[in-house]
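Just below is one structure, and these are the notes that go with it.
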């Protein structure tokens, strides 16, 4: 029962209604209380009561959202620990900023399946369900792992890796000074520490600023629109964003670049990628586009496969239908306003009815059916990583904050003339925080660094 | 030709730095103990550098002493130079290093062993383990003597199938031309232990009278030496310290080595064992760091009554003729006479993940291993394992639970946990960077960390423990007093603060607040407000450190608390990982192989993810509830 206090978003990602952030642990009430502005103090309220108020950042005084807070004291709660649930307005920004504030206040982000795990370990869940709990942890972690791997290849990671390298070089140098005091390796001075940590800190701060401006927040479900040239992909994109962004012509293959656009469909943020037609082609320019499309397809959380109902199925389309069968794919039978020539039976034998939508993108007919299909797929858990991506971004932001704090501590320590082995603790903490985002902090790599960069030994 | 030669509680095979600590600990804990060694003249021999201590290693010596071991006392009796390193850095990394008179060191240790009541010292080569139903019952020597015991500790160092290599020359040998131990290796293997081949090396020794010291820089010891043992108050060695000397390799040295690389066994493929990265040979350094124009060479006396000098920095397995050329290319050594040739040595080691954290082998009950045989390198690392293996072999013989030092208690705990949980693919050396709680594992507080444990085990005398308690109590009292004492911004105070560039006081402050200022030391505080009772230097040091670094210390203590929670969650011995639903295949294999004692240890196994740990916790809870239901 003496576990640390954890938090996570307990509801599915969506806009419109409400979102719930769940906090569990011995300090749940004590940590949330100072952030909750209300007539009541959460520390004094009886268990199983709901309270109206605002979540406010005590550092800036900014109100983040108007909320309802439910207090459930252990053991009569889901986890058998003290639990606080904060119901915020729906949508990404409110819930995300509340979670972020909680993490900044010393609450830890819950691991995948951790609430259920605690419920089980604290005897709230029946023994018979042990296997189900394990399956939940396993499936949630493998999803989280996939997301993490995707992010490790992503833009943020590319910016963090060099920062990590700068820090580990500094650390290795400090360690050599400590463990090999008589070697002819120059001592790391306070000035060197200040300069190195300062340079890294500035870059971390730039990243945080981007996050604050909402660039990271806005990441939605990566959605690829695919189909043969002229099946109507760009028309669909246009219908979705209701403005002409991609060039739409009757010549096959005019969409040569990936066009990105963000839309919100039934409260679900989608990042739409309109991709060039999937088709073998000789045209070099277009081939680049096609290759990119294939790449975009691999990364997509949701795929909209557009077929022209007025043409019969091509070989490539049959292949795509087969390839995408086990992915979160919705098949769109476009041009429903024209005479049908498509072999619909072949599509229906492969896909369930709720994942096939007939519409006319050009005329704007049947778009609400598409909305319903996407939302159904999303709510059933068919679309997975969007949720996790968004949650882990909150985690990223809190880790970047932690790294910035540690770097500032290191700089302050250097200026106060603290011994280098104390400052090292802060540099190492910053390195670990960045490593948690990128996904590796093996301590062996420090030793590798030491022995590959410095000639040591007796 | 076999005969029954004796019966003991504990047998220790090997009398190097691990063996002597193991044997002394077991005997002092009341066990009838036999210490077997191939050669009685090689007890606690230093086959490589004539020094003890340094960062992390010196910490281990203090820990051994805090537990009631011998290494600290022995070096305090026999040093020829004492130096505190890292004094410009924080208190956690201050490290004592001694140059030893290696001959005196051996003699002093032999004397201590011979005087120990329950300890029998015997020359003999153990060749075979007596194992009955998976339990080790003793050993048989080359001469057919059959010694039986409740437990056995093997500390064979580099003797196990040792092979010496110098250039093209290779022969079976232990260190310094001693007889190697060949058959014991087979016996270990036959009993199911997996062995690996490691390599280490030593530089040549030269004659003092042929060194031109005028071309080198002097490296003296400290004027006022510190000691390793908490018991040592004074050593007569303090007045007779000898310096070391520093010189460098030359361009010519590098050329000689490069020209003769084809004769270097490191590169010709003659060496199959894995060598340590942190102790490379000179040929290795020159190849790997080709752009470094010169390398440091320290000339260190091997003793007060010998002309032999150790050439630190020149470990090599080059052919003898090349070694002489290399030596003579170094400033100050142009005319030098080589007394012993440097060499590389290959030996068998036990894969240490086959051990429990008590250092008992998993496959053979009652068999413990310690020191270089477990894949480490260094006298201090060996001694640190030796004392723990000795303690646990004795406790097993006495039907007691093993004693395990955890990572937050000592470098000994860090080292053993690294070895048994992660294993090692090169000879393992302790570094302070291997400790995650470096600030807690200080040189100054080894007694506070471990002496109560030493007392509980039975290795610390009542008299010594009383002194320890007094120190602890006085430090606590002084900390309490400083919290209460008020220092006023009067003229004398402000003047003193100004003299050390410290900002003047605005208000009256307490002693703790003032001592937290980086430029203020305990000596200044004493000036403002002296302690009513006399405090020794190490008590004052303790007060100062505990005040100054409290913020960082508390941060690390909070981390330790988290670790302690995980270490408390024990995993039952009979767990069948293959039957744990949901564990990843890699985790199943690793957990099955290491068999961690608790969730904390499991979390440090590479390849075991947080999700695997969660699943394991759920499984254990399931198991506990089922067990509880059955028993009720």
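The values are calculated or read from the model by the stated rules, or taken from the named source; none is laboratory data. Computed from a predicted structure; not experimentally measured. Cβ sites come from the backbone with ideal geometry, for glycine too, and all protein chains shown count toward neighbours.
Some observations on this one:
- Of the residues making up region B:78-98, those that are within 8 Å of chain A (Cβ to nearest Cβ) and buried (at least 24 other Cβ atoms within 10 Å of the Cβ) are B:86, B:92, B:93, B:95.
- Scanning region B:561-616 for residues that are surrounded by fewer than 17 Cβ atoms within 10 Å (Cβ to Cβ), in a helix (DSSP H, G or I) and out of contact with any helix residue (DSSP H, G or I) (no Cβ under 7 Å at 6 or more places or on another chain) gives B:561, B:562, B:564, B:565, B:568, B:579, B:585, B:586, B:589, B:610.
- Residue count, region B:522-537 (criterion: crowded, with 16+ Cβ neighbours inside 10 Å and modelled with pLDDT of 90 or more): 5
- Taking the numbered list (1) in contact (Cβ under 8 Å) with a residue 12 or more places away in the chain; (2) within 33 Å of the chain's Cα centre (by Cα) in turn, residue B:588 passes all entries but (1).
- Counting only strands (runs of 3 or more DSSP E) that sit wholly inside region B:301-360, those with at least 3 residues that are in contact (Cβ under 8 Å) with a residue 24 or more places away in the chain and within 14 Å of chain A (Cβ to nearest Cβ) are B:308-312.
- Test for residue B:177: is it farther than 30 Å from residue B:4 by Cβ and away from every other protein chain (no Cβ under 14 Å): yes
- Residue in region A:379-391 that is more than 10 Å from chain B (Cβ to nearest Cβ) and at pLDDT 75 or above present: no
- Entry remark, region B:593-632: residues being away from every other protein chain (no Cβ under 12 Å) and either more than 19 Å from residue B:420 (Cα to Cα) or in contact with a strand residue (DSSP E or B) (Cβ under 6 Å, 6 or more places away or on another chain) (or both) number 4 in total.
- Single unsatisfied condition, residue B:402 versus (1) buried (at least 19 other Cβ atoms within 10 Å of the Cβ); (2) within 19 Å of residue B:361 (Cα to Cα): (1)
- Only one entry in A:4, A:65 is at pLDDT below 90 and in a loop (DSSP other than H, G, I, E, B), namely A:4.
- The residues of region B:254-274 that are touching a residue at least 12 places away in the same chain (Cβ under 8 Å) and in contact with a helix residue (DSSP H, G or I) (Cβ under 8 Å, 6 or more places away or on another chain), listed by number, are B:254, B:256, B:257, B:258, B:260, B:261, B:263, B:264, B:266, B:267, B:271.
- Whichever residue in region A:123-161 is at pLDDT below 65 and within 14 Å of chain B (Cβ to nearest Cβ) and, among such residues, is surrounded by the fewest Cβ atoms within 10 Å (Cβ to Cβ): A:149
- Some residue of region A:69-85 being on the phi > 0 side of the Ramachandran plot, within 14 Å of chain B (Cβ to nearest Cβ), touching a helix residue (DSSP H, G or I) at 6+ places or on another chain (Cβ under 9 Å) and at pLDDT below 85: no
- Residue within region B:289-301 that is farther than 26 Å from residue B:208 by Cα, surrounded by fewer than 18 Cβ atoms within 10 Å (Cβ to Cβ) and either modelled with pLDDT of 95 or more or touching a helix residue (DSSP H, G or I) at 6+ places or on another chain (Cβ under 7 Å) (or both) present: no
- Per-region count, region B:273-300, residues in a loop (DSSP other than H, G, I, E, B), touching a strand residue (DSSP E or B) at 6+ places or on another chain (Cβ under 6 Å) and more than 9 Å from every other protein chain (Cβ to nearest Cβ): 2
- Being buried (at least 18 other Cβ atoms within 10 Å of the Cβ), within 30 Å of residue B:552 (Cβ to Cβ) and either out of contact with any strand residue (DSSP E or B) (no Cβ under 7 Å at 6 or more places or on another chain) or more than 14 Å from every other protein chain (Cβ to nearest Cβ) (or both) is a property that residue B:138 lacks.
- Residue within region B:456-475 that is within 21 Å of residue B:59 (Cα to Cα), within 14 Å of another protein chain (Cβ to nearest Cβ) and surrounded by 12 or more Cβ atoms within 10 Å (Cβ to Cβ) present: no
- Of all residues in region B:26-77, those that are outside any loop (DSSP other than H, G, I, E, B) and within 14 Å of chain A (Cβ to nearest Cβ) total 7.
- Residues (touching a helix residue (DSSP H, G or I) at 6+ places or on another chain (Cβ under 6 Å) and more than 24 Å from residue B:387 (Cα to Cα)) located in region B:141-165: B:161, B:165
For (1) within 24 Å of residue B:556 (Cα to Cα); (2) assigned to a loop (DSSP other than H, G, I, E, B); (3) at pLDDT 95 or above, each residue gets a yes or a no:
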| position | (1), (2), (3) |
| --- | --- |
| B:380 | no, no, yes |
| B:386 | no, no, yes |
| B:400 | no, yes, yes |
| B:416 | yes, no, yes |
| B:421 | yes, no, yes |
| B:433 | yes, no, no |
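- Scanning region A:176-210 for residues that are more than 21 Å from residue A:453 (Cβ to Cβ) and without any contact (Cβ under 8 Å) to a residue 24 or more places away in the chain, we see that the one that is nearest to the other protein chains (Cβ to nearest Cβ) is A:202.
- Listed by first and then second residue, the pairs with beta-carbon distance under 8 Å, at least 6 apart or on different chains, first residue in region B:1-24 and surrounded by fewer than 24 Cβ atoms within 10 Å (Cβ to Cβ), second at pLDDT 95 or above and in a helix (DSSP H, G or I), are B:9/B:26; B:9/B:394; B:9/B:397.
- Residue B:121 being in a strand (DSSP E or B), under 22 Å from residue B:56 (Cα atoms) and modelled with pLDDT of 95 or more: no
- Test result for residue A:182, modelled with pLDDT of 85 or more and either in contact with a strand residue (DSSP E or B) (Cβ under 8 Å, 6 or more places away or on another chain) or in a loop (DSSP other than H, G, I, E, B) (or both): yes
- Being surrounded by fewer than 21 Cβ atoms within 10 Å (Cβ to Cβ), over 30 Å from residue B:169 (Cα atoms) and away from chain A (no Cβ under 14 Å) is a property that holds for residue B:234.
- Options B:569, B:540: the member that is within 12 Å of chain A (Cβ to nearest Cβ), over 22 Å from residue A:428 (Cα atoms), within 30 Å of the chain's Cα centre (by Cα) and at pLDDT 90 or above: B:569
- Some residue of region B:462-485 being free of Cβ contacts under 8 Å to residues at least 40 places away in the same chain, outside any helix (DSSP H, G or I) and more than 24 Å from residue B:412 (Cα to Cα): no
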